[in-house]
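Down below is the structure, laid out as structure tokens.
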Amino acid sequence: MKQRGVGIRTIVGVAVLASALAGGFGRTSEVRAAVASRGDPIVHLSNGVVLDVGVIVNDAASDVSSLQYTVHTPQNVGITSVVYPVGDAFAAKERFIVQPDNVSRTYTTYGILQTFTPNQTYTLYTNVVGYAPASASGSTGQTVIVIAHS
């Protein structure tokens, strides 16, 4: 039986839990509510590859002003469509740019999150569907880079 890597849903769950725990549990001087929002668009590429690109923001969706993804694909590969699941918190705020300048089978996602409240943290992930997911974290205004391979 073929073994599979850790699923993207597991990574998302662990990231939300870790953020909640780091955000103030155990402190007696303050109480924080764990607030996290998620975007999970599916990106279809002209070479048939499907990318699950998404973000977990440790903030309310209403505080996010924009989220830009730059997807670096292999040469001559473009985005044919972006599909948003029902209820995607950021669909109207996300923008995709494609740069076909990567080597074969390598997909690099650069993400920049902007929020109305400064210094919000987020985790960007990219998963070439059928392969192991990759993720990285940063703060508002920082470029976060994730490299995924097929």
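The values are calculated or read from the model by the stated rules, or taken from the named source; none is laboratory data. Given the structure is predicted, the values throughout are model-derived calculations rather than measurements. Note that each Cβ is placed from the backbone with ideal geometry, even for glycine, and that neighbours are counted across all protein chains shown.
A few comments on the model shown:
- From Gly78, Gly111, Gly39, residue being small (Gly, Ala, Ser) and touching a helix residue (DSSP H, G or I) at 6+ places or on another chain (Cβ under 9 Å): Gly39
- Boolean, Gly111 is under 9 Å from the mean Cα position of the chain (by Cα) and over 18 Å from Ala60 (Cβ atoms): yes
- Sole residue being at pLDDT below 95 and over 17 Å from Val129 (Cβ atoms), chosen from Arg32, Arg9, Arg4: Arg32
- Residues located in the range 92-110, provided they are under 16 Å from Ile42 (Cβ atoms) and either among the aromatic types (Phe, Trp, Tyr) or crowded, with 20+ Cβ neighbours inside 10 Å (or both): Glu94, Phe96, Tyr107, Thr109
- Scanning the range 53-78 for residues that are buried (at least 17 other Cβ atoms within 10 Å of the Cβ) and closer than 22 Å to Gly130 by Cα yields Val53, Gly54, Val55, Ile56, Tyr69, Val71, His72, Thr73, Pro74, Val77.
- Any hit, the range 40-58, residues being assigned to a strand (DSSP E or B), more than 11 Å from the chain's Cα centre (by Cα), within 18 Å of Thr143 (Cα to Cα) and among the polar types (S, T, N, Q): no
- Residue tally, condition among the aromatic types (Phe, Trp, Tyr) and modelled with pLDDT under 95, over the range 63-95: 2
- Filter result for Ala132 (in a loop (DSSP other than H, G, I, E, B), under 17 Å from the mean Cα position of the chain (by Cα) and hydrophobic (A, V, I, L, M, F, W, C)): yes
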